[in-house]
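Asks: Let me begin by handing over the structure; questions about it come next.
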Amino acid sequence: MTTEIVLMPDVDGAGDVVEYCIELGDEITAGDPMLVIESDKASVEIPASISGLVTEWLVQIGDRVSKDHPLAQVKITAQETPVHEPINTDTQVETVLTEKTAKSSPAVLSANQMPAPQSPVSVTPAISNSVIKQQGSYYAGPAVRKLAREFSVNLTQVNGTGPGGRILKENIHAYVKQQLIKASQPVISSAAIPPLPKEDFSRFGDTDTQSLSSIAKATSAHMTRCWLNIPHVTLFDETNISDLEAFRKTIQPEAYGLEKTPSILPFIVLTIARALVKFPRFNSSLHPDGTQLIYKQYTNIGVAVDTPAGLVVPVIRNANQQSVSQLASTINALANKARNKQLKIADMQGGCFTISSLGSNGGSGFTPIINGPEVAILGVGKATIKPVWDGEAFQPGLLLPLSLSFDHRVINGAEAGRFMAYISNKLRDIKQLLL
Ligand code: CAO
C-alpha cells in the first residue's frame, strides 16, 4: 500500500478551508468532494483526485491555501497502481459566487485554468464545470447539496440557520414541507414575482428575529394580494377644514352621550358615505371574471385601526344613515374592541370603502393600498395650518391632506377628480355636510 498527498488545485487564487466533507479514516473515491474552500469570490468544493483512505488532514479549518498546498494524506487501498481520474467535464463542482462577484464579472472556473496531473504526488483533477448561482449566495455542505438535488430544491431559496447562515439538512426538510403546504393552498398572486435576495443580516451586526402576529401575517398576505392584483392610482388634495375644526370645538360631548369630542374622522366617514351614494362606482366591486361591476346598495365603511397586534379594519354599517355623533360613538366602540382583541370576523366583513387616517400620528400624505375587492381607499394625513389665498390676502387655514387611491380598472382619473372635489367641498363647508 502506498500513501499519496492530495494537493490543492489551481482555483484562481487562495481561499480559506471552511469545511471538511469527509471524516478521517473515510474511504473516498476519486471525484468525491473532500473539503470546501471559500475565497472572496466563491465557495468551491475540492474533489479527491484519487481513491483510498484519508489518513491525515494536512490543513485545518481556517487555513489559507493556494495552488499546490498539501491538503490530505491518502492511503491507496487498491492493489493496482493508483490511477488519477481523468478530467470529467460533466463533473459539477458547485461554485457559489458572493454578491460582490456576481455583480461584477463572474469568475467562471474553467478546465484550462487547471494544472495537468503530476507525479509522484496527486493533484486534484480539473474543476471542469462550475455551477454559478446568480440569485444571491448561500453556504451549504456537500451532504446538504446532495439532499437538495434529490428534492430539486434551489438552495438560494432556502433560509440557512446554521453558523453564518449555513444551510442545514433540517432547513431543506422545512423548506420542502413549506412548499408542499403552499402547493395545497390557493395561489395568492397570478404573476411570477421574482423573490427578493436573501440577506444574512448577522454579517453586519447583532440581530433579533421575532415571529409576526397572526394579524400581521394576515395583513401581509392581504396587502400583497391587493397590491399585486389592483392597478393603483393615487390622487392628492388638501382641503381647508378651518370651519369644521371651529365647529368641532363647540361640540359638548355629554350632550350627545359621548365620552369625548368627536375627532375629524366621523365627519370624514359621513362625507364618504354621502359620496358613495352620489358616485356609485366607488361603491362597487369588480366581478372576479372582470366583466361585471357589482354595485352595493349599502354604505359600509371600514376604518383602519392601529393596534399593538397589528392593523385591523372594523366596518361601520350603513354609515350614510348615522349622524356624526353616532358615527363617533361607533368608531370609538369598534376601535376599543379592536385594541382589546374583541373584534369578531363579522365586524370586519362587508366593507365598501376604507378610510385610513394617520392624521393624529403625522405625515403630510401617503399612498394607501386599496382594501380589495373594494375599488378605492381614502388616506388622511395630518392637518396643518398653511397660508390660504382668499382672493385678496393670505389667511391662515387648517389644511387636511387627502389621498385617494383607486382601482384604475374600475375608476378613471376624471371620476376620481370629481369624487375628490366633492369630499373636499363637503369637508370645507361644514353646513353643506350637516344639512
Ligand atoms: N389631522 C390633525 N389632527 C387629527 C387628524 C388629522 N388628520 N385626525 C385626527 N386628529 C386629531 C383628532 O381630531 C383628535 O384631536 P382632539 O384630541 O383635539 O379631539 C386627536 O387627533 C386624536 O385623534 P384619535 O387618533 O384619537 O382619533 P381618530 O378618530 O382621528 O382616529 C383611529 C381613530 C382608530 C382611526 C386611530 O386611533 C387609528 O388607529 N389610526 C391609525 C390608522 C392607521 O394606522 N392607518 C394606517 C393604515 S396603513 O398602514
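Asks: Counting only residues 5 or more places away or on other chains, whose amide H sits under 5 Å from the amide H of Leu168 once H atoms are built in the peptide plane?
Replies: Here the answer is Thr161, Gly162, since their amide H atoms fall under 5 Å of that of Leu168.
Asks: So, counting K/R as plus one and D/E as minus one, what does the shell of residues with Cβ under 11 Å around Gly365 add up to?
Replies: Net of charged neighbours comes to -1.
Asks: Can I ask one more? How about the stretch 230-279: which trypsin sites (Lys or Arg not before Pro) there lie in a loop by DSSP and see at most 13 other Cβ atoms within 10 Å?
Replies: Lys260
Asks: If the cut-off is 20 Å between C-alpha atoms, which lysines fall inside it for Lys67, apart from same-chain ones fewer than 8 positions away?
Replies: Filter leaves Lys41.
Asks: Then there's this: What does the highest-first list of 13-25, 371-383, 216-228 look like by mean Cβ count within 10 Å? Intermediate results must be reported in sequence, preceding the final value.
Replies: On the way: 13-25: 15.6, 371-383: 22.6, 216-228: 14.1.
Peptide ranking by packing, descending: 371-383, 13-25, 216-228.
Asks: May I ask which of Lys260/Lys337; Lys146/Lys177; Lys249/Lys296; Lys146/Lys217; Lys296/Lys344; Lys278/Lys341 have a Cα-Cα span longer than 28 Å here?
Replies: Correct reply: Lys249/Lys296; Lys146/Lys217; Lys278/Lys341.
Asks: Karplus couplings for the stretch 255-266 from phi (6.51 cos²θ - 1.76 cosθ + 1.60, θ = phi - 60°), rounded to Hz, Gly and Pro as x?
Replies: Once rounded to whole Hz, the list reads 5, 10, x, 9, 6, 8, 4, x, 7, 5, 4, x.
Asks: Okay, next question. Highest mean first, what order results for 297-307, 405-415, 198-208, 55-65 on Cβ atoms within 10 Å?
Replies: Top to bottom by mean Cβ count within 10 Å: 297-307, 405-415, 55-65, 198-208.
Asks: Collect residues whose amide H, placed 1.01 Å from N in the peptide plane, falls under 5 Å from the amide H of Phe353; neighbours closer than 5 in sequence don't count.
Replies: The list, which skips near neighbours in sequence, is Gly302.
Asks: Principal axis extents for the stretch 214-434, Cα atoms only, whole Å, descending order, please.
Replies: 53, 40, 31
Asks: GluC sites (Glu not before Pro), restricted to the stretch 212-256: which are DSSP loop and have at most 14 other Cβ atoms within 10 Å?
Replies: Passing sites in the stretch 212-256 do not exist.
Asks: On alpha-carbon atoms, Rg over Rh for the stretch 316-435 using Kirkwood Rh?
Replies: My calculation of the ratio gives 0.99.
Asks: Report the local net charge at Phe151: Lys and Arg +1, Asp and Glu -1, summed over other residues whose C-beta lies under 12 Å from its C-beta.
Replies: Its environment carries a net charge of +4.
Asks: Around Leu35, with a cut-off of 9 angstrom between Cβ atoms, what is the net charge of the other residues, counting Lys and Arg +1 and Asp and Glu -1? Spell out each step's value before the answer.
Replies: Numbers: positive: none; negative: Glu19, Glu45.
Local charge sum for Leu35: -2.
All of the numbers you see were taken from the coordinates with simple rules; none came from a lab. Source: prediction; values computed, not measured. Using ideal geometry, Cβ is built from the backbone for each residue, glycine included, and neighbour counts are taken over all protein chains shown.
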